[in-house]
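The values are calculated or read from the model by the stated rules, or taken from the named source; none is laboratory data. From a predicted model like this one, the values you see are computed outputs, not experimental measurements. Cβ placement follows ideal geometry from the backbone for every residue including glycine, while neighbour counts extend to all protein chains displayed. Just the protein is used for accessible areas: all its heavy atoms, side chains included, with ligands, DNA and RNA removed. Shrake-Rupley method; radii C 1.70, N 1.55, O 1.52, S 1.80 Å.
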Amino acid sequence: MAERAGQKTASSSVLDRLSGRSWGFYAAAAIPPVVVAGLALWYYSSSSSSSSSAARAASRSGDKKDDKKKRQRRAKKAKRGAKAAGEGEGDGEGEGSPARASGASLDGGDEEAPEQMTDEQIAGLDRATAKKLAQSLKSRGNRFFQAKRYGAAIELYTHALRFEKDPVFYSNRAACFAAEGDHGRVIEDCTAAVELEPQYVKALMRRAQAYEHTDRFRDALYDFTTVCILEDFGNSVAAGAAERVLKRLAEAEARERVAKREPRLPSRSFISGYLKSFRSAGPAAAAAAGEQLSEADALYNEALELTAQQEYARAIEAIDRAVAAVEQAGAAGVQRADDLYSLRGMFSFLKSNLPQAQADLDRALEINPGHVRSYLRKANVFTEKKDLDEVSRLLDRALEADANNAETYFQRGQARFLKQEYAQAATDYARAAELDEDFVYPRIQLGVVQFKTGKLEEAMATFDEAMKRFPQRSDLYNYYGEVLAEQGGSDNAISAFEKAVELDASNPLPYVNQAIALFQSRSDVDKALTLIQEAFKVDAECELAVAALSQIYLQMGMFDESLDMLRRAVELAKSEEEMVSAITFRETTAAQHRFMKEHPELLNKIMMGAM
């Protein structure tokens with residue numbers, strides 16, 4: 001629990017330090033959640049049948065037997081109608097409008113209405129006349145829409161488009177299709193509108209809603225993101241919708257990925273850090289004088305040695321064979337039956353195979369109800385499940401078994417830290433350090449919680465004392481550097497990270513932290529990238545290095561490279577929760593990248609908003 005929780009905190013710290021003010025721009029998840037309300041009524045209105053006049057209009061528009069003089073007369077009448085329509089443009093209720101001419105009728109019943117004109121007649125109109133006739137059709141369509149007669153409104157907007165390809169006509173017709181639940185047609189019409197006017201917010205919003213209705217979440221996210229950027233993140237409906245769609249997209253993908261993938265170990269550096277939060281992986285079995293160890297005990301000892309050598313895959317093979325030996329011959333005569341089940345439970349936990357981990361730890365506790373290490377490891381499992389009440393119960397059981405166990409106090413401090421019970425956490429860390437003077441992690445975490453609660457002098461004193469007591473601990477200097485970096489002391493933080501690397505060149509974390517500090521405080525991109533590459537040499541799957549590099553690339557505007565790292569972060573995610581977070585960053589970065597490619601003319605607007 002200790003290092004697993006600690007590394008998550010460190011990862012978040014890295015992203016926070018990298019992001020600064022601009023992160024709200026890059027991540028839709030950072031947009032404050034809002035209540036989605038006030039969406040346009042056309043998304044929720046019911047549909048109605050088209051009017052019978054439309055059929056008559058369609059029939060007459062196809063009449064190709066009119067002679068030239070008749071067409072000319074109709075064209076003249078159409079011009080006169082356009083003039084009258086122009087007088088009533090806007091709400092459609094002006095003096096010369098079709099509705100006014102016919103009293104209460106919505107369609108006017110005009111035998112010479114513009115929808116009856118042939119394509120040939122329309123082609124003969126001058127632009128101004130065609131525009132006025134199109135507007136008259138739109139105005140009539142608007143009134144049908146307001147009356148919820150969507151079929152008739154669709155026909156009139158369609159006729160309006162014959163006179164003029166206006167994005168508003170497409171968007172209005174899309175509103176009718178949305179009311180009828182025809183989301184495919186909504187997408188088609190809104191796409192046509194956006195092609196004519198790429199920054200048409202209303203059409204983008206309608207298309208985004210249609211995409212969401214058809215589970216095209218990535219497309220919906222892009223449209224909502226585009227609206228957010230175009231309106232300087234002032235559109236609360238778009239912001240809330242972007243967050244909602246992003247959450248659905250990320251959770252669905254993460255759920256599917258976790259269900260399909262085989263359990264796997266995290267990075268070597270992560271496992272190493274986790275193991276350091278315990279005093280040991282377990283006691284070795286020892287043969288009595290003149291006797292040999294059982295096969296299971298010998299394999300258990302082999303697994304412990306391989307774990308100490310960071311040969312984790314081989315250690316798992318050995319412990320699996322040890323369990324098989326116990327299950328074949330029985331636990332009788334095996335010294336460390338409880339420990340070997342507990343060790344396999346630990347590795348199952350690290351592989352995020354929580355059911356197997358819990359089963360093994362329950363078996364260890366069945367063999368030995370007072371096995372403290374199994375209570376602590378089982379508490380790790382329930383921490384991952386976010387069941388902190390069960391974590392507390394298990395830690396209480398561990399203290400009942402051994403009231404003076406330093407590891408238990410440290411783990412309880414970690415649980416209380418996660419619950420933001422900082423004063424109680426500090427008390428537990430202090431007690432753990434008192435019980436075991438050689439246990440460095442309680443001192444590290446005590447300094448961290450003191451810093452977090454604003455007790456800076458106490459925090460610095462705690463770290464100073466720890467560094468005097470443990471001058472050769474690389475991890476101590478690394479965490480001390482993180483605290484200094486959080487305070488803004490970049491130069492001192494960099495020195496602490498350099499000391500950490502000097503003491504242990506096999507630990508990738510101080511390389512990454514030093515890179516971030518140099519990137520932020522000195523804009524030393526080359527050195528930062530070199531240090532992260534050094535971290536990858538130490539551990540090619542270091543999750544923290546992947547996260548940091550993706551964010552550095554992002555702030556440098558290297559979107560393709562950032563996306564590559566974010567895809568890698570998704571693959572390396574240890575839990576479904578971490579995967580959701582990685583997918584969230586990937587998708588928001590991808591949406592912004594796409595926007596910049598499709599709207600290069602707005603690059604300055606974007607960059608100003610990120611400053």
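Can you tell me the relative contact order of the stretch 426-513? Whole percent, Cα pairs under 8 Å, sequence separation 6 or more. Reported relative contact order: 20 percent.
Solvent exposure of residue 261, expressed as accessible area, is near 70 Å², computed with a probe of 1.4 Å over the protein chains only.
Using R0 = 45 Å, the C-beta based FRET efficiency linking residue 288 and residue 464 works out to 0.45. Sequence-ordered 3J(HN,Hα) estimates for the stretch 248-259 from the Karplus curve with 6.51, -1.76 and 1.60 and θ = phi - 60° stand at 5, 5, 5, 5, 5, 5, 4, 4, 5, 5, 5, 5 Hz, glycine and proline given as x.
Shown is the FRET efficiency for residue 571 and residue 310, computed with R0 = 22 Å from the Cβ-Cβ distance and rounded to the nearest 0.05: 0.55. Prolate is the label for the stretch 207-333, because a/c, from the alpha-carbon gyration tensor with a ≥ b ≥ c as root eigenvalues, is 1.5 or above and a/b exceeds b/c. Distance between the pseudo-spin-label points of residue 403 and residue 199 (7 Å out from Cα toward the beta carbon): 7.3 nm.
Of the residues 268, 443, the one with the largest accessible area comes first in the ranking 268, 443, computed with a 1.4 Å probe on protein heavy atoms.
The residues of the stretch 495-545 expose, per residue, 40 Å² of accessible area to a 1.4 Å probe. In plain terms, the chain from residue 456 to residue 165 could stretch by 98.2 nm, reckoned as 0.36 nm per residue minus the Cα-Cα distance. Over the stretch 170-262, with every protein chain in place, what whole percent of the accessible area is carbon and sulfur at 1.4 Å, could you tell me? Looking at the stretch 170-262 in its full context, I get 46 percent from C and S. So which of 527/574; 351/419; 385/574 end up more than 18 Å apart, counting from Cα to Cα? Correct reply: 527/574; 351/419. Remark: the stretch 434-444, residue by residue, has Karplus-estimated 3J(HN,Hα) of 5, 6, 9, 5, 9, 9, 7, 5, x, 5, 4 Hz, where x stands for each Gly or Pro and the curve is 6.51 cos²θ - 1.76 cosθ + 1.60 at θ = phi - 60°.
What percent does the relative contact order of the stretch 220-284 come to when contacts are Cα pairs within less than 8 Å and at least six residues apart? Relative contact order comes out at 22 percent. Think of a 1.4 Å ball rolled over the protein heavy atoms: the stretch 356-399 then has 39 Å² of accessible area per residue. Rg/Rh for the stretch 473-611 stands at 1.02; both radii use Cα atoms, and Rh follows the Kirkwood definition. The residue 487 and residue 530 beta-carbon pair, evaluated with R₀ = 30 Å, returns a calculated FRET efficiency of approximately 0.75. Considering the zone a paramagnetic label at residue 388 would reach in this model (a point 7 Å from Cα along the Cα-to-Cβ line), which residues of the stretch 399-435 have amide N under 16 Å from it? Taking a point 7 Å out along Cα→Cβ of residue 388, the residues of the stretch 399-435 whose backbone N falls under 16 Å are 411-429. Between residue 329 and residue 231, the modelled label-to-label distance comes to 7.3 nm, taking each label 7 Å out from Cα in the direction of the beta carbon. Averaged over its residues, the stretch 160-270 has an accessible area of 40 Å² per residue, based on protein heavy atoms and a 1.4 Å probe.
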